[in-house]
Amino acid sequence: MSDTRVVVVNGARQVGKSTLADRVLRERGGVARLLDDGVTRAAAESDPSAFVRHDGLMLIDEVQRVPDLWLQIKYEVDRDQRPGQFLLTGSARLLALRSLPDALPGRSETIELWPFSQGEIDGAPDGFVDAVFDRGADLRAEVGELRKKDYLARAARGGYPEALRRDSPRRRARFFNDYLADLITRDVKQVADIERAGDMRTLMSLLAAQTSGLLSFNRLSGDLELSAPTVRRYVEILETIYLVRTVPAWSANLTTRALATPKVFFVDSGIAAHLGAGEGALLENFVLGELARQLTWSETLATLHHYRDRDQYEVDAVLEDNRGRVIGIEVKAAETVRGDDFRGLRLLQRRLGDRFQAGFVLYTGPESFSFGDGMTCLPISALWTT
């Protein structure tokens, strides 16, 4: 906020955007406008120009509810270019909304807020992404105390602050159930005109059944008895409201046999567990979510992909930094690791040569071991204890 005119805090409902924005407002001073309030929203719709006029800082909460404000904010910050004028929050990917008349290139910066990471919950470093690029296969982790059942319990708990406050799985299930119902009745309807809300809930369950698997629109189309374009649009809506995230396929033109199909994971693993994700898929979802969170704050600028080809070689997560260096990561639900678990990682290593920095198998056992030639197994807890 010290150098940018408009700061947007974007993310799923209930991750703490309003709480964080309110804290910033208390520290800096300013005025708050909460668009969930009917009277405030009506005023914004009736006279956007007067609504955004202010001195100092203005917080507008749930800004996607009045798209006409966007152009007026743009006009205000073009006229007055001092930083820290607007702090906006939204429960949808604002730039993906067709209802927004214009973006704010060069005038705004977007911060994506996720549910809590394991490091935030435990007070741990959350430094895995930087560590694997800095230390490669030499990275080792402390002997872990967690086992498979502990990781599954963490994944099922998720990272929403409200879910973490609830002591029992039954109480958290009530939260997740109400959360999903609220998403369908409020957020989905804000971004799209969906006539059959039941189809959206069924789609969520189907995605949970294949979470972290390849995203087959044709298969989902058959299960839902909807056209493939409609299913694709529904998945895009779920991504717009921060329920799911797609992971693009990675190939770097290494082989024509690589598949270009993305895969999908839930932004919060607790939702995936609530919707019935199996153990292996749930743990992969859990790991992908932790990696995605860390990529928003790591010093290393990297992107998250996956790899799979027609010969059934696969790597669950491929991290590539802006220098072209690659880290491969496989996730195993087992408490033991075999040499064959590195099969997909070794393929990437052969194809990439020096660009391939290291391959890791993250598993539910307690210890770190070298498997030679740049390959290492680590406990999943290395994600947040490193």
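Rounded to the nearest 500, what is the 222 nm mean residue ellipticity of the chain from helices alone, with -39500 (n - 2.57) per DSSP H run of 4+ residues and division by all residues?
-11000 deg cm²/dmol
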### Task
Give the calculated FRET efficiency between Ala181 and Asp373 to the nearest 0.05, with a Förster radius of 45 Å applied to their Cβ-Cβ distance.
0.35
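Placing unit charges on C-beta atoms (Lys and Arg positive, Asp and Glu negative, everything else neutral), compute the dipole magnitude of the chain about its Cα centre in debye, rounded to 20.
Charge dipole of the chain: 480 debye, to the nearest 20.
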### Query
With springs only between Cα atoms under 10 Å, which of Gly56, Gly106, Gly158 fluctuates most in a Gaussian network model of the chain?
Gly106
### Message
Test of understanding: in a Gaussian network model of the chain with alpha carbons linked when under 10 Å, which of Leu34, Leu283, Leu113 would top the mean-square fluctuation ranking?
### Response
Leu34
### Query
What is the Cα centroid distance between the stretch 270-347 and the stretch 1-65, reported in whole angstrom?
36
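Give me the dipole magnitude in Debye, nearest 20, for the stretch 128-279 about the Cα centre, with unit charges on the beta carbon: positive for Lys and Arg, negative for Asp and Glu. Walk me through the intermediate numbers first.
Numbers: 23 positive and 20 negative charges, 77 e Å.
With only Lys, Arg, Asp and Glu charged at Cβ, the dipole is about 360 debye.
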### Task
Check each of the GluC sites (Glu not before Pro) in the stretch 287-328 and keep only those in coil by DSSP with at most 14 other C-beta atoms within 10 angstrom; list them in order.
Glu299
### Query
What list do you get for Tyr363, Tyr313 if you sort them by fewest beta carbons within 10 Å?
Tyr313, Tyr363
### Task
Pop a pseudo-label 7 angstrom from the Cα along the beta-carbon direction at both Lys189 and Thr336 and give the gap in nm to one decimal.
5.4
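Of all beta bridges DSSP finds with both residues in the stretch 6-113, what is the antiparallel percent, to the nearest 5?
Values: 0 of 18 bridges.
Restricted to the stretch 6-113, the bridges split so that about 0 percent are antiparallel.
Rounded to the nearest 20 Debye, what is the dipole magnitude of the stretch 1-127 about its Cα centre when Lys and Arg each give +1 and Asp and Glu each give -1 at the C-beta?
Numbers: 16 positive and 20 negative charges, 44 e Å.
Dipole of the stretch 1-127, to the nearest 20 debye: 220 debye.
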### Task
Once you have the Cα-Cα distance between Arg343 and Leu146, take 0.36 nm times their residue separation minus that, and quote the gain in nm to one decimal.
68.3 nm
### Query
Given Val129, Thr376, Thr296, which one lies farthest toward the positive end of the charge dipole of the chain, if we put +1 on the Cβ of every Lys and Arg and -1 on the Cβ of every Asp and Glu?
Thr376
#### Entry: Label point at Gln312 placed 7 Å out along Cα→Cβ; residues across the stretch 211-251 whose backbone nitrogen lies under 19 Å
213-215
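In which sequence would Ile111, Ile237 go, from the one with the fewest C-beta neighbours within 10 Å to the one with the most?
Details: Ile111 13, Ile237 20.
Going from least to most buried by this count: Ile111, Ile237.
Considering only DSSP states other than H, G, I, E and B, which trypsin sites (Lys or Arg not before Pro) in the stretch 306-386 qualify as loop sites with at most 12 other Cβ atoms within 10 Å? Please list the in-between numbers first.
Values: sites: Arg308, Arg310, Arg323, Arg325, Lys332, Arg338, Arg343, Arg346, Arg350, Arg351, Arg355; in loops: Arg310, Arg323, Arg325, Lys332, Arg338.
Of the trypsin sites (Lys or Arg not before Pro), the ones in loops of the stretch 306-386 whose Cβ has at most 12 other Cβ atoms within 10 Å are Arg310, Arg323, Arg338.
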### Query
Helix 279-294 versus the longest principal axis of the chain: what angle, 0 to 90°, nearest 10, using Cα atoms?
60
### Task
Rounded to the nearest 10 degrees, what's the angle between the helix 17-28 long axis and the longest principal axis of the chain, both from Cα atoms, 0 to 90?
60
### Query
Do you know the Lys pair count in the chain for C-alpha distances under 23 Å, with sequence separation 8 or more or different chains?
5
### Query
Once fully extended, how much extra length lies between Val31 and Ile121, figured as 0.36 nm per residue of separation less the alpha-carbon to alpha-carbon distance?
29.3 nm
### Task
With a/c under 1.5 counting as rounded, go ahead and sort the stretch 118-385 into rounded, prolate or oblate using the C-alpha gyration tensor (a ≥ b ≥ c being the square roots of the eigenvalues; past the cut-off, prolate if a/b is larger than b/c, else oblate).
oblate
### Message
What does the C-alpha gyration tensor say about the overall shape of the stretch 6-113? Classify as rounded when a/c is under 1.5, otherwise prolate if a/b is larger than b/c, or oblate.
### Response
rounded
### Query
GNM on the chain, C-alpha springs below 10 Å: top fluctuator among Pro248, Pro262, Pro169?
Pro169
### Added length on full extension, which subtracts the Cα-Cα distance from 0.36 nm per residue, Ala50 to Arg135
25.2 nm
### Sorted by Cβ neighbour density within 10 Å, fewest at the top, the residues Glu335, Glu284
Glu335, Glu284
### Task
Taking amide H positions as placed in the peptide plane 1.01 Å from N, state which residues far from Val244 in sequence (5 or more) or on other chains have amide H under 5 Å from it.
Glu239, Val267
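Counting alpha carbon pairs within less than 8 Å and at least 6 residues apart, what relative contact order, in whole percent, applies to the stretch 36-192?
Details: 107 pairs, mean separation 27.6, N = 157.
Relative contact order comes out at 18 percent.
Looking at the square roots a ≥ b ≥ c of the eigenvalues of the Cα gyration tensor of the stretch 253-386, which shape do they give, rounded for a/c under 1.5, prolate if a/b is larger than b/c, or oblate?
rounded
Quick note: the coordinates plus some simple rules give every number you see, no bench work behind them. Quick caveat: nothing in here was measured; it's all calculated off a predicted structure. Reconstructed Cβ throughout: ideal geometry from the backbone, glycine too, with neighbour counts over all protein chains shown.
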